[in-house]
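For reference, the structure is listed below as structure tokens.
The values are calculated or read from the model by the stated rules, or taken from the named source; none is laboratory data. Everything quoted here is computed from the prediction, not taken from an experiment. Note: ideal-geometry Cβ built from the backbone for every residue, glycine included; neighbour counts use all protein chains shown. Just the protein is used for accessible areas: all its heavy atoms, side chains included, with ligands, DNA and RNA removed. Shrake-Rupley method; radii C 1.70, N 1.55, O 1.52, S 1.80 Å.
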Amino acid sequence: MSSRKSFGSHTMWGAALAVAALAGCGKGNAPSVGAADAAQKVYVAPGQYDEFYLFTSGGFSGQLGVYGLPSGRLLKVLPVFSQNPENAYGYSQETKPMLNTSYGFIPWDDSHHPELSMTNGVPDGRWIFINGNNTPRVARIDLKDFVTAEILEIPHSAGNHASPFVTENTEYSVAATRFSVPTPQADVPIASYKENFRGLLTFIKVDSATGHMKIAFQILMPGFNYDLSHSGKGPSHEWSFFTSYNSEEANTLLEVNASQKDKDYIAAVHWTVAEQCVKDGKAKQVPARYAHNIMDPVSHVATSTMETSTTFLDAKDCPGVVYYLPTPKSPHGVDVDPSGELIVAGGKLATVIPVHSFSRMIKAIQDKAFEGEVNGIPVLKYEATIAGEVKNPGLGPLHTEFDGQGNAYTSMFVSSEIVKWSLKDFTVLDRVPTYYSIGHLSIPGGDTRKPWGKYVVALNKITKDRYLPTGPELTQSAQLFDISGPKMQLLLDFPTIGEPHYAQALPASMITQAQLRTFDLATNADPYAALSEAATGVSRKGQSVHVKMTAIRSHFVPDNIEGVQVGDSVFFHITNLEQDWDVPHGFAITGINNSELLIMPGETRTIVWVPEKVGVFPFYCTDFCSALHQEMQGYVRVSPKGSSVALTANTPAKH
Ligand code: RUQ
Ligand code: CUA
């Protein structure tokens, strides 16, 4: 959901609290029976590592949270779509291009779905993708160094929610528009929705060697709202599934007007057929403007390129590319079981959990078991594709993950619980309350071919009385459950940064093995790098002053600079000469209208300072790096505009 108030109603609260009351929980409650047992299961002794990495979306913080499981300890806030003054992401000259878009520099987004890259349907620990919902973008983060390596804007999209789910071998990452809009954009009456607004499903090709993203094609669809997605696996490998709601095509008061029909649709997209149609010339090139931002892995300097065209494939021009599966009632999540055969939908307003069968779907297509069509897209008969329904699961099913042992776990938003059910006969096996109003849930590898089905994490929308109050805004939170036995057991509540819409986890060893500890100074290709103290210096080009500076425990070179004038743009290019793990240096100067810098070993980072006052201003290292960290400082003398003080610095050459 895009907001924690999506279903914001008192009924929902009533239900959530009723469940809480039933379970005998409330504020200041005594620890439940088995607390010692639970504590032991999440205890990671000092100095020990967690077993899993958990990556949570930051929601409206636009970032990615990195946690350890089972401890729930926060390890890192990894900046993606939002500026982060803590390490100058989006503030430094080298990183600013990452946040460029066709709308200009955008320092924020709303990120919902982290998605690990996969090989043969199993996370491979190479990259993690995440969507920018508001200004449609997909980011790729390199898990070697936990750096946002690439951000691709999605043209002609509006609300990149059903994204960035990947296919089994990361052939594609998908990006469906949540809101239908005039496509391409146009100045038309909103009331002409039905005739002018379209949906769009974007397939981004991911280069298997470099991870680089490129839009392969965009499929034009009827003007519904496309909500979530998952790709097939095994037998369903060539397909991606997208839920949609608002098949009523309402353009106002969707709360009522988009809940009229008994069923909406899952769109089943056969992407190899789309590839063929593009090859056969059934697609067309259309103008577009969208930013493609890449952090160069060698120079560590980001570049932003504006792309100018994209490939549109109208679903009706490519028979066999899309089929609609009727699915009750405003479906939200769509999840494919580890075998690739079962397609589970979460109808937010449905009273059952509908489960489609992939093999029945293929047979229905062969038999032409259609009940009609929408804009040339065949609609399959519900009875022809359905494998079964989970009866009386609870209220408000949203998302389902799998444990690899034949069980499914579905989050129930309205009744605020996780329901465990059998993939064999669709019977409910267990249920536990969540505090409160769970959205997504996450099992390590739980949407892949081989889940590590040890834990499930509930990603809750509301915390109310679970933590010490912190004013009107309370912490966001997740809960960890042990699912290794027949009954789920609550182990831990832990606060999260931003709104943790969704999360993915994988065994820590898959990442720790390939970790980079420093950046190689010898290959630093930043154009303003100073690879030794002898290479430092100052220079002036008109109103711009460039300072090439180095940092190493525990001094800057140069550390005395004179001849800067009021109104100059002073570019501090600072190279961290360290080649030691965990020794960044920081940089800040009085009155800088910008963030600090935090420079990793071997890296160069640049920040701009425009002095507005005459005087002598100190700068210093902001990261406590050694016993003489407090000595790591310097001065810049600022003279009036037009002053005759020469530009000098105490670099080794000029001593
Ligand atoms: S959504 S709570 Cu933004 Cu993934 Cu379902
Ligand atoms: Cu360098 Cu503190």
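In this label model, residue 616 and residue 255 are separated by 6.4 nm, measuring between points 7 Å along each Cα→Cβ vector. Computed over region 523-594, the alpha-carbon pair-distance distribution with 5 angstrom bins reads 3, 15, 25, 25, 19, 9, 3, 1, each value a whole percent. Computed about its Cα centre, the charge dipole of the chain is approximately 520 debye, with only Lys, Arg, Asp and Glu carrying charge at their Cβ. Once the Cβ-Cβ distance of residue 644 and residue 590 is raised to the sixth power relative to R0 = 35 Å, the FRET efficiency obtained is 0.90. For region 209-219, 3J(HN,Hα) computed residue by residue from phi via the Karplus equation (6.51, -1.76, 1.60; θ = phi - 60°) reads 8, 9, x, 4, 9, 8, 5, 7, 7, 10, 9 Hz, glycine and proline entered as x. Amide H contacts of residue 301: 296, each under 5 Å away and 5 or more positions distant or on a separate chain (H built 1.01 Å from N in the peptide plane; Pro and chain starts excluded). These residues, 330, 208, go from largest to smallest accessible area, 1.4 Å probe, as 208, 330. Charge dipole (Cα centre; +1 on Lys/Arg Cβ, -1 on Asp/Glu Cβ; no other charges) of region 349-466 amounts to roughly 260 debye.
Listed peptides 481-493, 64-76 appear in the order 64-76, 481-493 once ranked by packing, highest mean of other Cβ atoms within 10 Å at the front. Centre-to-centre, using Cα atoms only, region 391-464 and region 325-362 are separated by 14 Å.
When both region 625-642 and region 541-606 are represented by their alpha-carbon centers, they are found 10 Å apart.
Residues whose amide H comes within less than 5 Å of that of residue 623, counting only those at least five positions distant or on another chain, are 586 (H built at 1.01 Å from N in the peptide plane). Fully extending the segment from residue 381 to residue 74, taken as 0.36 nm per residue of separation minus the present Cα-Cα distance, adds 105.8 nm. In this calculation the C-beta distance from residue 626 to residue 205 is compared with R0 = 60 Å, giving a FRET efficiency of 0.80. For residue 186 and residue 279, the FRET efficiency from 1/(1 + (r/R0)^6), where r spans their Cβ atoms and R0 equals 25 Å, is about 0.25. In order along region 141-149, the phi-based Karplus estimate (6.51 cos²θ - 1.76 cosθ + 1.60, θ = phi - 60°) of 3J(HN,Hα) comes to 10, 7, 8, 5, 10, 6, 10, 5, 9 Hz; Gly and Pro are listed as x.
Largest first, the residues 137, 466 sort by 1.4 Å accessible area into 466, 137.
Between residue 450 and residue 362, the contour length at 0.36 nm per residue exceeds the Cα-Cα span by 29.3 nm. Phi angles of region 629-642 translate, via the Karplus equation with coefficients 6.51, -1.76, 1.60 and θ = phi - 60°, into HN-Hα couplings of 4, 5, 7, 7, 7, x, 9, 10, 8, 10, 10, x, 4, x Hz per residue; Gly and Pro are given as x.
One decimal place: the segment residue 45-residue 484 gains 155.9 nm when fully extended, by the rule 0.36 nm per residue minus the C-alpha distance. For residue 496, the residues whose modelled amide H falls within less than 5 Å of its own, excluding neighbours fewer than 5 places apart on the same chain, are 476, 477, 478.
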